[in-house]
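Step one of this worksheet: look at the structure below.
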Amino acid sequence: MSDFTMTIGGEQVAAPETFEVVNPATGAPHAQAPACSPAQLDDAMAAAAAAFPAWRADPDARRAALSAAAARLREHARELAVILTAEQGKPLGSATVEVFGTAMWLQYFADLALPREILQDDEKAFTEVVRRPLGVVAAITPWNFPLALASWKLGPALLAGNTVVLKPSPHTPLATLRMGDLLRDVLPPGVLNVVSGPDPLGAAITAHEVPRKISFTGSVATGRAVAAAAAPRLKRVTLELGGNDPAILLDDVDAAAVADKVFEAAFANNGQVCSAIKRVYVPESRYAEVVEALAQRAGEAVVGPGTEEGVDLGPVGNLPQFERVRELVSAALDGGAKAAAGGRALDRPGYFHEPTVLADVTDGSRIVDEEQFGPVLPVVAYRDLDDAVARANATHFGLSGSVWGADPERATAVAARLECGTAWVNTHLVLAPHLPFGGVKQSGIGVENGPWGVHGCTDLQVLHTARG
Ligand code: NAD
């Protein structure tokens, strides 16, 4: 029996089978989650489809409901944060910030003005662009920010008048299931359905005939599978996929100050952020001091269970990811990299890894070329800025990147050369509901947030009335 239930058609629904959810701070299962059956998935899709006509008809009711949903999450912030820390590992303070961020995103969309888009209003014609909801949107989320990334999908999809079937990652289903519970009397039945299950449920959702759109956040590999599965019915997709974000330091940086900020943006959420800094390019002339400053900062970070006071970094989120981080670090060390800080897993239960700064690494090694998605940062030396930009761009990823320097104009000119969806200057990881976010190249298709995110949950119709 699961301690958690799904939300289908406004009802609390248990599943015939359950699966284990592991606490990454112990490595042991700590809860059971419902494994949605095929019939229950059909029920969820049917409930979402049935709720669509009434939901799309009343924009004011949608805004009021989104606002009430945000308030409900804020009221239950502590409870949701405790669940999130237990399943994901992040420190309780960060989990609380995530819950409030989730509420903030929903509130932003509740309040977002969507002005009429009138193209022509004269004696010949009245022509307007109308954004029509699609119907049922399937939302599939990863395990690094289960609640926050759900709100990036729910806010725009619901505001636009769609109904949703939401599926969290099987590594972190619990906080999302509980969110479904909490919103059951805030949203009309069927408007938000929350189902959970192992990965094949994601494939079943994508292939299901009901959803008109798949809004997916996850890895590039799964994103490709989603795009292929959406193709036969030409479903719309938004794909927010992985990244291998470069940070390029210019030769005039203040090493200590920048190292501090680079560390924060590389090790936030234990490095498990799609747009975290994943490789740093440093001029040869400044290399030693930057490595030292980053290593010192890494050495100061407190690693431990997210439930303990004073912890900066929790465990890696799950066993496959922990093993991947270990494998990438040991391959780098075997290949001649030097661990300026860390380099090992902690000798204790759970998926803890030392915050690791790797020096003497370069492009062509896995730790630089692949997305590590964990607490390890390779630092790469460069001689020539053009070469650094070329190497930063020599990847199929294109999520975001940053350039750091004392002269903002010069740094901005370099940032404009990065092939990515967001290029930051003297900062990294600035994310907000009004800022469109998405990847170029294989980091994704489409964007979320702001009116652009809402438009992505609609079909565009030109409504043209002849006059005279
Ligand atoms: P993942 O691709 O393994 O899983 C993501 C989700 O897809 C999960 O809910 C999973 O159950 C589901 N899924 C698995 N197989 C599926 C299939 N065949 N069809 C449909 N759904 C399926 O990713 P993950 O390991 O959970 O998350 C980490 C990845 O997510 C990283 O690459 C990270 O960069 C990326 N990410 C991207 C963004 C962004 O906004 N661009 C944000 C966060 C994370």
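If you go through region 102-150 and keep only what is without any contact (Cβ under 8 Å) to a residue 60 or more places away in the chain, more than 16 Å from the ligand (Cβ to nearest atom) and closer than 19 Å to His455 by Cα, you end up with Leu106, Gln107, Ala110, Asp111, Ala113, Pro115, Arg116, Glu117, Ile118.
Would you be able to say whether some residue in region 290-303 is in a loop (DSSP other than H, G, I, E, B) and either more than 14 Å from the ligand (Cβ to nearest atom) or in contact (Cβ under 8 Å) with a residue 40 or more places away in the chain (or both)? Yes: region 290-303 contains one or more residues that are in a loop (DSSP other than H, G, I, E, B) and either more than 14 Å from the ligand (Cβ to nearest atom) or in contact (Cβ under 8 Å) with a residue 40 or more places away in the chain (or both).
Can you work out which of the residues in region 324-371 that are in a strand (DSSP E or B) and in contact with a Ser or Thr (Cβ under 8 Å, 6 or more places away or on another chain) is nearest to Asn270 (Cα to Cα)? So that I can check it myself, show each step before the final result.
From region 324-371, those in a strand (DSSP E or B) are 338-341, 345, 353, 356-359; that's our starting set.
Checking which are in contact with a Ser or Thr (Cβ under 8 Å, 6 or more places away or on another chain) leaves us with 339, 341.
Details: Ala339: 17, Ala341: 15 Å.
Taking the candidates together, the pick is Ala341.
Please work out if Ala229 is within 18 Å of Gln321 (Cβ to Cβ), within 12 Å of the ligand (Cβ to nearest atom), at pLDDT 95 or above and in contact with a helix residue (DSSP H, G or I) (Cβ under 7 Å, 6 or more places away or on another chain).
On the way: within 18 Å of Gln321 (Cβ to Cβ): no; within 12 Å of the ligand (Cβ to nearest atom): yes; at pLDDT 95 or above: yes; in contact with a helix residue (DSSP H, G or I) (Cβ under 7 Å, 6 or more places away or on another chain): yes.
When the stated conditions are applied, Ala229 does not pass them.
With the structure loaded, tell me whether Ala266 is more than 16 Å from the ligand (Cβ to nearest atom), crowded, with 24+ Cβ neighbours inside 10 Å, part of a helix (DSSP H, G or I) and not assigned by TED's automatic domain parsing to the domain that holds Ala54 or whether it fails that test. No, not satisfied. Within region 235-263, if we keep just the residues that are within 14 Å of His428 (Cα to Cα) and of a type in the set (D, E, K, R), the residue that is farthest from the ligand (Cβ to nearest atom) turns out to be Asp260. Has region 376-389 got any residue that is at pLDDT 95 or above and farther than 26 Å from Asp254 by Cβ? Checked region 376-389: no residue is at pLDDT 95 or above and farther than 26 Å from Asp254 by Cβ. Taking Gly306, is it at pLDDT 95 or above, within 16 Å of the ligand (Cβ to nearest atom) and small (Gly, Ala, Ser)? Against the criterion (at pLDDT 95 or above, within 16 Å of the ligand (Cβ to nearest atom) and small (Gly, Ala, Ser)), Gly306 does not qualify. Of the residues making up region 401-459, those that are among the hydroxyl-bearing types (Ser, Thr, Tyr) and surrounded by fewer than 18 Cβ atoms within 10 Å (Cβ to Cβ) number 2. For region 43-73, a residue qualifies if it is surrounded by 16 or more Cβ atoms within 10 Å (Cβ to Cβ) and among the charged types (D, E, K, R), and the qualifying residues are Asp43, Arg56, Arg62, Arg63, Arg72. In region 203-229, the residues that are free of Cβ contacts under 8 Å to residues at least 12 places away in the same chain form no Cβ pair under 8 Å with any partner that is near the ligand (Cβ under 7 Å from one of its atoms) and of a type outside the set (Gly, Ala, Ser), whether six or more places apart or across chains. Return the pairs, sorted by first residue and then second, in which the second residue is of a type in the set (S, T, N, Q), the first residue lies in region 51-64 and is within 10 Å of Leu159 (Cα to Cα), the beta carbons are less than 9 Å apart, and the residues are 6+ apart or on different chains. What qualifies is Trp55/Asn162; Trp55/Thr163; Arg56/Asn162; Arg56/Thr163.
The values are calculated or read from the model by the stated rules, or taken from the named source; none is laboratory data. Only a predicted model underlies this, so the values are computations on that prediction, with no experimental measurement involved. Neighbour counts are summed over all protein chains in view; Cβ atoms, including those assigned to glycine, are modelled from backbone coordinates with ideal geometry.
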